[in-house]
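Below: the structure, in structure tokens.
The values are calculated or read from the model by the stated rules, or taken from the named source; none is laboratory data. Every value quoted in this text rests on a predicted model; they were computed, and no experiment measured them. Cβ atoms come from the backbone with ideal geometry, glycine included; neighbour counts cover every protein chain shown.
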Amino acid sequence: MVRSLILSLVTFSLLIATVQAETIDSVLSAENQALGVTKSSVGLVDDMAFIRRASVDLIGRIPTLTELKQYLAWPADQRRDILVDNLIDHPRFADRWTVFFADLLRLRSNVTGGSSLIAHVHRSIREDVPYNEFASSLISTNGKAGRSPEVGFILGDDADPLAMASVTAQVFMGVRIGCAQCHDHPFDFWTRKDFYSVAASFAQLKWSLCLNQLRKQNTAIKEGFQSVIDYWPESADAAKASYLIGRTFVDIGRVSYGKKAYQQTIADFPDNAVAVYSLSGLADIAKQEKDESSLVKIWKRLAFDIERTKLTGATCANAANALATYYFTKGSFPDGLESLQENYEGEQLAYYIYSYVRSPISGLVGNEESVTAGLRLADQAVAYLNQNLEKDLSTAELKAKALTQWHRMIEVEKYSRRDDKILAAYRSMLATFGNLDEIVGSLADYHVSQKRFDQARSIYRQFKDKVQGLSKVAQSFRAEANLNEAIKVYKQLAGIDAENAANWRGEEAAAYVEVKQYPQAIQIYRSLVASDALNSQTWLWALASTQRDANFLKEAIGTYRQCENFPENYRQMAGCHRALKEYKEALILYGQIIGGSESLAPWAQLQIGYTFEQMQSTEMAIKAFQLCCKKYPKASYASTAHAHLQNKYKISVTLGGATDE
């Protein structure tokens with residue numbers, strides 16, 4: 001554990017070791033004996049020195065007066081143990097030792113991934129992550145700094161294999177081999193050959209990954225990953241390279257080769273995390289090939305047989321979840337439950353049963369041949385959730401928890417489509433909690449979903465919160481396309497909830513829009529723009545959108561121009577200009593979007609191409625699509641432009657990936 005390592009570093013300054021357990025202890029003991037220093041001549045530090053040293057070492061400050069008094073009040077034979085336990089749990093413990101490890105690992109917040117890695121180190125110390133996992137993840141992780149903070153250790157040296165060889169050896173092996181980068185030192189054990197052997201596998205692996213990124217996958221496999229395995233078979237990078245061969249084969253569509261490579265990885269590195277990743281890769285292939293038998297076997301192995309670590313836990317957990325879904329789909333609740341129990345327990349387990357069982361119930365009940373299995377699955381799931389309901393309603397927190405559990409249980413019942421059972425469950429819930437608006441509203445919403453509008457409205461009108469209840473009544477009239485009654489209710493709401501009268505007027509306008517009575521909606525929105533200055537931008541946008549939908553395009557353009565939510569307003573204005581066949585104006589707006597919005601620029605460039613097509617300007621359209629591919633190769637709009645050029649013009653272009661560094 002990281003904490004154990006820290007305590008071993010601290011202990012030497014506190015008391016003399018009593019057990020000759022490690023090689024370093026043996027060496028120090030021999031040296032001390034040669035100098036005539038014995039344990040009895042040194043002795044243990046007294047209690048006051050112990051608390052001072054332990055506090056400074058573990059949390060970075062001397063103890064307070066209160067802490068001293070508390071320390072002395074503890075039993076003399078236990079106080080040191082109690083003190084150390086308390087200091088380890090102190091909030092400053094992780095802060096103080098993060099500084100130590102940041103210095104040891106040469107972490108800097110101003111480099112790519114630096115801040116994320118420092119936070120990761122702090123979290124690892126706080127959660128007492130095993131030190132071997134902590135070290136391994138820093139040395140061997142892959143990914144991007146945003147998703148895998150451990151990558152920051154490698155990025156701190158710009159992924160330079162020579163720098164990494166020197167730093168890794170010094171930090172994790174306690175050996176300086178940097179000098180061997182230039183020459184063999186007559187008194188050093190490590191030679192220049194040893195130095196470059198440490199650096200080489202890392203360099204070769206990263207070079208291979210770059211080839212992958214440059215879409216030179218076959219070269220990456222043959223000259224990259226395979227070379228790592230051939231030349232450095234004992235290195236940690238060999239296992240990664242073996243897995244990456246399989247994954248790369250699959251990525252380029254050579255699935256049969258990928259399957260063999262994954263199987264070889266499992267055989268060659270059975271105890272490495274890559275074996276688990278390879279199993280997951282085989283599961284993906286089995287799914288693609290619709291090989292249900294193999295897929296289930298792999299999921300079972302991942303879910304039940306493999307020891308979970310930080311590197312493999314997520315993969316195994318995903319397999320268990322997939323297996324649970326599979327069993328639920330087959331109508332087997334006990335097997336699905338067993339799979340989920342590998343990942344969750346208690347309240348979390350109940351939540352994931354609710355989450356994963358609903359869709360399978362719906363699918364089974366919706367099929368005549370499996371409806372019985374679906375209803376049985378629903379009954380078993382509801383029974384499990386029911387027996388795990390919180391019964392203690394003595395506090396607000398427990399009551400809120402129980403309400404959530406009841407809602408989930410009823411939601412599962414809804415997927416069985418049994419109206420009588422659903423209504424019975426609501427009656428039981430009301431009997432348990434009373435007529436809460438939350439429960440009454442949910443029941444009324446269910447009636448709306450079943451088109452029982454009158455029943456729903458009679459329940460909505462029972463709300464303790466009259467405004468909320470009337471709002472629901474109005475919504476139900478809108479769902480029934482009964483505009484006149486909805487408008488009456490909104491006018492009533494504007495009268496009794498004067499503080500929010502503008503919002504109810506806005507809802508009234510939205511109701512007119514739903515039935516395409518645009519002039520009435522426009523009139524209301526114009527009055528709101530004039531009367532509700534604080535929310536004028538909201539009403540301007542609603543007015544412009546209504547004018548656009550009503551095909552009052554010139555008016556819509558003028559209103560959008562008053563809106564302040566660039567670039568979306570320019571986007572809508574350009575669309576209106578194109579509808580009016582005012583293509584030059586649209587092109588100008590798209591150009592302004594490109595210049596002012598990095599996120600929407602690829603979309604705007606694609607629209608320029610489509611606009612030129614509407615203008616019958618084929619040459620300019622092709623150039624615009626090609627420019628989209630060139631300038632924004634990683635954007636989805638570039639892929640759209642690429643496909644459009646191929647399909648319509650039979651032109652092939654490069655998306656720009658070859659320019660990646």
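Below are the figures for this structure:
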{"read-out": "Count of region 460-469 residues which are free of Cβ contacts under 8 Å to residues at least 24 places away in the same chain and under 40 Å from the mean Cα position of the chain (by Cα)", "value": "1"}
{"read-out": "Boolean, Ile588 is farther than 23 Å from Ala521 by Cα, free of Cβ contacts under 8 Å to residues at least 24 places away in the same chain, aliphatic (A, V, I, L, M) and out of contact with any Gly (no Cβ under 6 Å at 6 or more places or on another chain)", "value": "yes"}
{"read-out": "Single residue of region 259-306 satisfying the filter (crowded, with 16+ Cβ neighbours inside 10 Å and in a loop (DSSP other than H, G, I, E, B)) that is farthest from the chain's Cα centre (by Cα)", "value": "Phe269"}
{"read-out": "Any hit, region 622-629, residues being within 19 Å of Gly575 (Cα to Cα), buried (at least 19 other Cβ atoms within 10 Å of the Cβ) and among the β-branched types (Val, Ile, Thr)", "value": "no"}
{"read-out": "Some residue of region 611-634 being among the small types (Gly, Ala, Ser), in a helix (DSSP H, G or I) and in contact (Cβ under 8 Å) with a residue 24 or more places away in the chain", "value": "no"}
{"read-out": "Residues of region 371-397 that turn out to be at pLDDT 95 or above and among the basic types (Lys, Arg), as a count", "value": "1"}
{"read-out": "Count of residues meeting criterion [surrounded by 15 or more Cβ atoms within 10 Å (Cβ to Cβ) and free of Cβ contacts under 8 Å to residues at least 12 places away in the same chain] in region 509-530", "value": "1"}
{"read-out": "Every residue from region 307-343 that is touching an Asp or Glu at 6+ places or on another chain (Cβ under 6 Å) and part of a loop (DSSP other than H, G, I, E, B)", "value": "Lys310"}
{"read-out": "Residue count for region 554-589, restricted to those that are within 25 Å of Ala533 (Cβ to Cβ) and of a type in the set (Lys, Arg)", "value": "1"}
{"read-out": "Residue in region 498-508 that is small (Gly, Ala, Ser), free of Cβ contacts under 8 Å to residues at least 24 places away in the same chain, closer than 28 Å to Met615 by Cα and not assigned by TED's automatic domain parsing to the domain that holds Gln607 present", "value": "no"}
{"read-out": "In region 244-258, the residues that are surrounded by fewer than 19 Cβ atoms within 10 Å (Cβ to Cβ), assigned to a helix (DSSP H, G or I) and either under 28 Å from the mean Cα position of the chain (by Cα) or among the β-branched types (Val, Ile, Thr) (or both)", "value": "Asp251, Val255"}
{"read-out": "Residue that is nearest to Ser148 (Cα to Cα) [pool: residues in region 114-131 that are in contact (Cβ under 8 Å) with a residue 40 or more places away in the chain and assigned to a helix (DSSP H, G or I)]", "value": "Gly114"}
{"read-out": "Matching helices (runs of 4 or more DSSP H) fully within region 478-559 where at least 3 residues are within 42 Å of the chain's Cα centre (by Cα) and either among the small types (Gly, Ala, Ser) or closer than 30 Å to Lys581 by Cα (or both)", "value": "501-514, 518-531, 536-549"}
{"read-out": "Selected residue (criterion: farthest from Tyr351 (Cα to Cα)) from residues of region 405-420 that are of a type outside the set (Val, Ile, Thr) and buried (at least 17 other Cβ atoms within 10 Å of the Cβ)", "value": "Ser416"}
{"read-out": "Of all residues in region 337-359 being surrounded by 16 or more Cβ atoms within 10 Å (Cβ to Cβ) and of a type in the set (Asp, Glu), the one that is nearest to Ala319 (Cα to Cα)", "value": "Glu342"}
{"read-out": "Residue selected from region 605-621 under the condition among the hydrophobic types (A, V, I, L, M, F, W, C) and surrounded by fewer than 17 Cβ atoms within 10 Å (Cβ to Cβ), by the criterion farthest from Arg578 (Cα to Cα)", "value": "Met620"}
{"read-out": "Helices (runs of 4 or more DSSP H) (entirely within region 354-454) containing at least 1 residues that are under 23 Å from Gln468 (Cα atoms) and in contact with a Lys or Arg (Cβ under 8 Å, 6 or more places away or on another chain)", "value": "396-414, 419-433, 437-449"}
{"read-out": "Enumeration of residues in region 584-604 that are touching a His at 6+ places or on another chain (Cβ under 7 Å) and surrounded by fewer than 21 Cβ atoms within 10 Å (Cβ to Cβ)", "value": "Glu585"}
